[in-house]
Each structure stands twice: as structure tokens, then as C-alpha cells.
Amino acid sequence: MRHLGEAKLAENKQIAIDVRDAVKRYGDFTALKTISLSIMDNEFFTLLGPSGCGKTTLLRMIAGFEAVTEGAIYLFGDEIANLPPNKRPVNTVFQNYALFPHMTILDNVAFGLEMRGKSKSEARTKAGEMLELVQLSQFSARKPSQLSGGQQQRVALARALAPQPKVLLLDEPLSALDLKLRKAMQLELKHLQRETGITFIFVTHDQEEALTMSDRIAVMSAGEMQQLGSPTDIYERPHNMFVADFIGETNLLEVSVDAINNGRAVCHLGGGHELTCNAVEGVDIGSKVHMSIRPERLFMSENPAETESLKGRIKENIFVGTDITTIVDLQDGPDFVVRTSNSDRGNKRIFEPGTEMYVNMELGAGRLLAD
Amino acid sequence: MAAGATSGGSATTDTYKEARTWLLLPSWVTLSILVLAPVIMMLIYSFLTKEFRGGVIWEFSLSAYDQFFFDRGLFGDEPPKLEWTYISIFWRSIWQAGVATLLSLAIGFPTAYFIATRSEEMRPVWVFLITIPYWVNLLIRTVSMKFLLRDQGPLNDFLINIGLIDSPLHIVNTNFAVQLGLFYSYLPFMVLPIYAAVERYNFSLSEAAADLYASKLTTLRRVVLPAIKPGVIAGCILVFVPSMGSFLAPDLLGGAKNFMIGSLIEEQFKGNAGNWPFGAAASMILLSMVLIILMFSARQQAKADKAEG
């Protein structure tokens, strides 16, 4: 379904959140350096980056908890940067859930509805429906402390969705859950987003989570946006070293570009090894840059393959369940990590440590990075 | 192995229990001598017969309590009527202490909230500043307050100088002066527990409330106050209870007309004119009143906790 993400965006969609030249400074420290991005209606949009990259700051600026130092934020065309949080039709799922401890689950979910002017009984009826949606009806009379982390998480979600916000903001909502529950919640969130049609802005530091759930991802680092694109874009065509390194596992090689012909760049890596890959803008002949090759794009063979081959020796095989990770020592060159899927064992070979063999890839498997 | 481990564990538990008993012993002894024994002595004295120049005769008598509640005429031979003198003093004490508590709450709550929302380095500094005036003896502070508030005192001078009033306000020897005195004496007892509660409060709850369209006032009422209620209740008890039995502020700032229960008790033990059993009985009545109030608030709290589960 993911390839439809881009097609969906190409349709004439409204812009839900438009951040224009937003800057956030705390005294001398700049947390966010001039960011502009448009988030489409009905989109599952993820802000991805390591801690301290400014992703949460940006989310809190959209929610209204942080003032915008410079720039503007529009919500469906309305300037909201100067509105207090209670005047913005967006709701937040907090990292620590922030459920009201003295209220029942039902009253927690009904709170926002009541604040929007619904009568107590009306709010409670609606809240009951929301609890049904997240399958927690039987807990409506309980207090938050009586629920497990995963259940509290779903209450937080129901509470934020109940007032039917135009945009839902999620601040690392799954980070406190264990792996299995997190995987289940990822799917549940994705389904919920599809069902409700509400724009989700999701903050996470977990690249796998971002790839699984998002229509589009903004990768952030050090207060700057590094790349904006679909999960496929970001994984397969990273713009720079930070993105290539942060998203997934990769072989990062220092190369120098020897020649560029017909859109192909011939690159030289240490020890007389040569690789050809697609040329990219901003990388000229003679420049020393990095090349990223995903481990799963590599395969091993006894004899050199017709495409690109490098001679090497097996250092180590590591069994990781679905895959086998092999570390290959290139003669006079860098180490390579090769991943072979266990489901592909019929076609691809695994060699014993110490064996000399060839590491191969298709043309274009390597990706040159501009910086 | 398993058996050995188990017995080792229980041995440790026993050692802990024994150590705990011994470590708690000094507290138990001190509390028994300084709290329990005086209360029992007071209880016994309240049922004795008074000696005319102070002191007691060891003879059982209910006359102290009788004197507190009933009027039997000058020679004690008329049919008993309810005696309002002491009950009204009692009522005034509750009233004065209540007003002082409300004043402390009105000033103490914002103060505590302010301190708790400062940066982590500044909070201890503010708490320290709050406690500095209380290093001075209570008596000296109360006397100073009388000088500040009197007709020719700095407060009135100031108000006249800025043209707010023409003639001095008579503050000393009024109920209000007593309330001010009590409020000032016990303010930190309100600030500190509320400060502790607000400091523990998770401010992302306020953000969540604002995110769900609650105004600042609604957030305070529906989210912040319920969360810090235990601190507020503790503060109110810590101000109300000592205020009720206080005698310095009413004596010095209230004058003869604004007598409170603390002063009444004090009188009974001063010089030769006192009545020890009557003083003891009044103390017992004060003590039971306070206990009833505390038990009531504890029960309310327990009920609220139970409702919260």
C-alpha cells in the first residue's frame, strides 16, 4: 500500500498544517532553525530524529505549549501560532499519557467534550463510544492507575480523539510500551488514522516505527530538517549521511569519484576496489564523498557476478532469526555487512568464515551522498 | 539450597524487626513522657476539686465541666441554665482560627504555587526566604506587629501620608488584629505542605487540560486542585489547630474583649487566682474539639481516596 502514499498526496489535498519559517530559540540556544513544511489533510506524518533534534519542540509549537520565536503556523489556512493551546482545534497524545489521576476513565475521555460545551450526559455517551472504539468499555469506571500501560495509552488516544480534532499530535506515544505491544499499537494507530481520516502528526526516534506507519517522514537532526519524503524515498534515496546512517542499517564507504559517464559514477574505494553507481547532483568528479549500500542489497558468490563484484573473505556469520548477517573483510578495503534473508537461502549462498568469495550488488545499489 | 536461602531470608526479617523495635524505642519513650503523660495528667486534674490559691485537692469532682457548660447562679443554688460565656469564647476561637486559616490559604496558596514553579535551583532559596522571619521569637514578632498596627504606628502613618485615610484606623484590639496575628504566626505551615504538593504535581496534566480546551481557571479547579488537595488540607489543619489554642496573638493584639480559649486556659494557671481543674477541663474540651475536626477530615480524605481507588 505504501506506494499509494505518494499518489494520494498528488491528489488535490488541502494542507492541514503549514509551518512557515518557524524558529524556536531559548535564549542563545536555537532549538529549531527555520523550518518550513506542509502536512496534508488525512496524512500520517512523522517527525523522526534522535533526542534533542527539535522534533518534540516543533510538535509542542503546533500544540501551543511552546511559543514560536519567529515564523508562522497555519491550521487549514488559519494562523494559530498566537493562540493558546485551549483555542486550537488540535489534540495531543502525551508521552507519559497525562491522564487525570482523580477521574475515571470515562470522565477522562469526556473531559474535552465537556470543555467544548457538550452537556455532561452527552459527553459521557460520546466518551463511551470512544472507549468502545479502543476496546476499553469494560474499564470505564476505573481510575487510570488501575490500568496497564497499554490500556492507559489507548485511553489517552481515545481522550485526544473524542473532541474530533482537526489534527492529532502524538508525542512518542509508544515509547513506554514493550516491543510486542508496541508493534500491535503501531497497526492499531495506523488503522485508527485510516478510519477517522484525521491528520496524525507522530513524533518518534524509532526509525522502524516511522517507516512502518507513515505516509511521509521528516527526518530531523540538530534543529534542522534533513530530508522530507515517503518511507521508500528516505530509505532508498537518502539525501545525506545523517539520513542514510539514521534510517536502517547501512554500509557507509568513503569513496572518491573517478569518472561520471551517462549518469553513472565510477567510484574508487581503498585497496584498488571500484564500484559504479548512479550519479547524484552535487557530487562531481574528484570529490571525496560517502556511499551507502544497504546490507540486504548485497549477495555473495564463489565467482564474480556480472554486475558489481568485490573480492573478500568471510569474517563472521551472525544468525539473527529472519536473517543471517555476514561480515566480510575486503582485501585492503573496508569491512562490509551483508544480510541474507533466511527465506532466500535457496538462491543465495552462505559461506564458512575464512572462505574467499565475492560480494556482489546490482548497479545502482550503492547511493552516493552529497555530504 | 532453597531451604537455606529461605531461612536466611526470614532471619534477616527477624533482625530487621528487632532492630526496628530498638530504634523506635527512644521515640516511643519521648512521646509517652512528653505527650501521653501530660494529657493523662490533664484528664485526671480536670476531674479534681480546685484549691483556692491554685493547685488541686485530690477529690473527684465534675464541677470544672459543670462550670464550663452550666450557670447555677452566684451561690450555685439556682436551677442550671446553659452558660454561654465559655461557649461563646470557644465559638470565637473557632471563628478566629477559621478566618486566619482562610487568610493563610489565600496568601499561602499562590506563594506556594509560585515557589514550586520556580527553577529547581531557586526553589530552596525561596523556601529559605519564607522561613527567615520565623527565626525571631513569636512573642517579639507579635509585639512588633502591635507596634506596626497601632493608631500612631507606621501602617497608619503610611496610609495617612498617601492620603488614603484621614484619621488612623483602629486595628489593634479588634478581631481583625487577632486574625492578622494568627495568620502571620502560622503562614509557613500553610505554605510548606502546599509547596510540597505542587512540587510533586505533574504539570503535563495542566498541559493536557489546556489541550482539551479547558481555560486556566477550569484547569485549576478541575485538575490542579484535586491533585494537590492533600497538601491544602494538611496546610489548613496545621494553621487551624494551633491558631485555635493560641493565646499570644489574642492577648497582645485583641485585648480583653477578644478573649480566646487559649487565653482562658492560660488565665487558670497564672498566679493565685487560677482554677486548675477548670483550666484542665477547658483544655480537654479544646483537645476533643481538635480531635473531632481531625478525625472528620481524615474520614473525608479516606472517602475521597476510596472513591479514587
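Whole angstrom only: what separates the Cα centroid of the range A:21-74 from the Cα centroid of the range A:166-211?
Using only Cα atoms, the two centres lie 19 Å from each other.
Per residue, how large is the accessible surface of the range B:144-270? Use a 1.4 angstrom probe and give square angstrom.
About 46 Å² of surface per residue is accessible.
Would you jot down the residues in the range A:62-80 that end up with at least 10 Å² less accessible area in the complete protein assembly than in the chain alone, with a 1.4 Å probe?
Residues meeting the cut-off: A:PHE65.
If you take every DSSP beta bridge whose two residues both sit in the protein assembly as shown, what share of them, in percent to the nearest 5, is antiparallel? It would help to have the intermediate numbers written out before the result.
Values: 69 of 88 bridges.
Bridges in the protein assembly as shown are about 80 percent antiparallel.
Can you pull the mean other chain C-beta count within 10 Å for peptide A:114-121?
The per-residue average across the peptide is 2.
Under a no-solvent Debye model with one identical scatterer per Cα of the range A:2-243, what's log10 I(q)/I(0) at q = 0.07, 0.14 Å⁻¹?
-0.23, -0.92
Name the residues of the range B:203-232 whose accessible area, probed at 1.4 Å, falls by at least 50 Å² once all protein chains are in place instead of their chain on its own?
Residues of the range B:203-232 that lose at least 50 Å² of accessible area once the other chains are added: B:LEU205, B:GLU207, B:ASP211, B:LEU212, B:TYR213, B:ARG222.
Dimensions of the range B:81-308 along principal axes (Cα, Å, largest first)?
That gives 66, 51, 31 Å along the principal axes, largest extent first.
In whole Hz, with x marking every Gly and Pro, tabulate ³J(HN,Hα) for the range A:257-262 from phi via Karplus 6.51 cos²θ - 1.76 cosθ + 1.60, θ = phi - 60°.
7, 8, 8, 10, 10, 6
Choose one of B:SER204, B:GLY235, B:TYR65: the residue whose Cα lies farthest towards the positive end of the charge dipole of chain B (beta-carbon charges +1 Lys, Arg; -1 Asp, Glu; about the Cα centre).
About the Cα centre, the residue reaching furthest to the positive side is B:SER204.
Expressed as a whole percentage, what fraction of the accessible surface of the protein assembly as shown belongs to carbon and sulfur atoms when a 1.4 Å probe is rolled over the protein heavy atoms?
Details: 20490 of 34700 Å².
After summing per-atom areas, the C and S share lands at 59 percent.
Just by accessible area at a 1.4 angstrom probe, what is the order of B:PHE189, B:PHE183 from largest to smallest?
Listed by decreasing accessible area, they come as B:PHE189, B:PHE183.
Using protein heavy atoms only (no ligands, DNA or RNA), what is the total accessible area buried between A and B, 1.4 Å probe, nearest 100 Å²?
Result for this pair: about 2100 Å² buried.
In whole Hz, with x marking every Gly and Pro, tabulate ³J(HN,Hα) for the range B:136-152 from phi via Karplus 6.51 cos²θ - 1.76 cosθ + 1.60, θ = phi - 60°.
7, 4, 4, 4, 5, 5, 5, 4, 4, 5, 4, 5, 5, 8, 5, 4, 9
What's the FRET efficiency of B:ALA37 with B:ASP151 using the Cβ-Cβ distance as r and R₀ = 41 Å, to the nearest 0.05?
Numbers: r = 46 Å, r/R0 = 1.12.
About 0.35, to the nearest 0.05.
Determine, for chain B, the count of lysine pairs separated by eight or more sequence positions (or lying on different chains) whose alpha-carbon distance falls under 21 Å.
6
With a 1.4 Å probe and every protein chain left in place, tell me how much accessible area B:HIS170 has, in Å² to the nearest 10.
That residue has around 130 Å² of solvent-accessible surface.
Measuring with a 1.4 Å probe in the full set of protein chains, what accessible area per residue, in whole Å², belongs to the range A:2-243?
41
Beyond 37 Å, how much of the Cα-Cα pair distribution for the protein assembly as shown remains, as a whole percent?
Of the Cα pairs, 61 percent sit more than 37 Å apart.
Can you sort A:MET220, B:MET42 by solvent-accessible area, 1.4 Å probe, largest first?
Largest accessible area first, the residues go B:MET42, A:MET220.
Leaving ligands, DNA and RNA out of it, rank A:LEU187, B:LEU220 by accessible area with a 1.4 Å probe, largest first.
Listed by decreasing accessible area, they come as A:LEU187, B:LEU220.
I'd like the distance between the alpha-carbon centres of the range B:57-98 and the range A:93-127, rounded to an integer number of Å.
About 55 Å separates the Cα centre of the range B:57-98 from the one of the range A:93-127.
Please tell me the relative contact order of chain A in percent, rounded to the nearest whole number, where contacts are Cα pairs under 8 Å and at least six residues apart.
15
Per residue of the range A:187-197, in order, report the coupling 6.51 cos²θ - 1.76 cosθ + 1.60 (Karplus, θ = phi - 60°) as ³J(HN,Hα) in whole Hz, putting x for Gly and Pro.
Those phi angles translate into 5, 4, 4, 4, 5, 4, 5, 4, 5, 7, x Hz.
The values are calculated or read from the model by the stated rules, or taken from the named source; none is laboratory data. As the structure is a prediction and not an experimental result, all values here were calculated from the model. When we count neighbours, we look across all protein chains shown, and the Cβ atoms used for this are built from the backbone with ideal geometry, even at glycine. Surface areas here come from the heavy atoms of the whole protein model, side chains and all, with no ligands, DNA or RNA. Shrake-Rupley method; radii C 1.70, N 1.55, O 1.52, S 1.80 Å.
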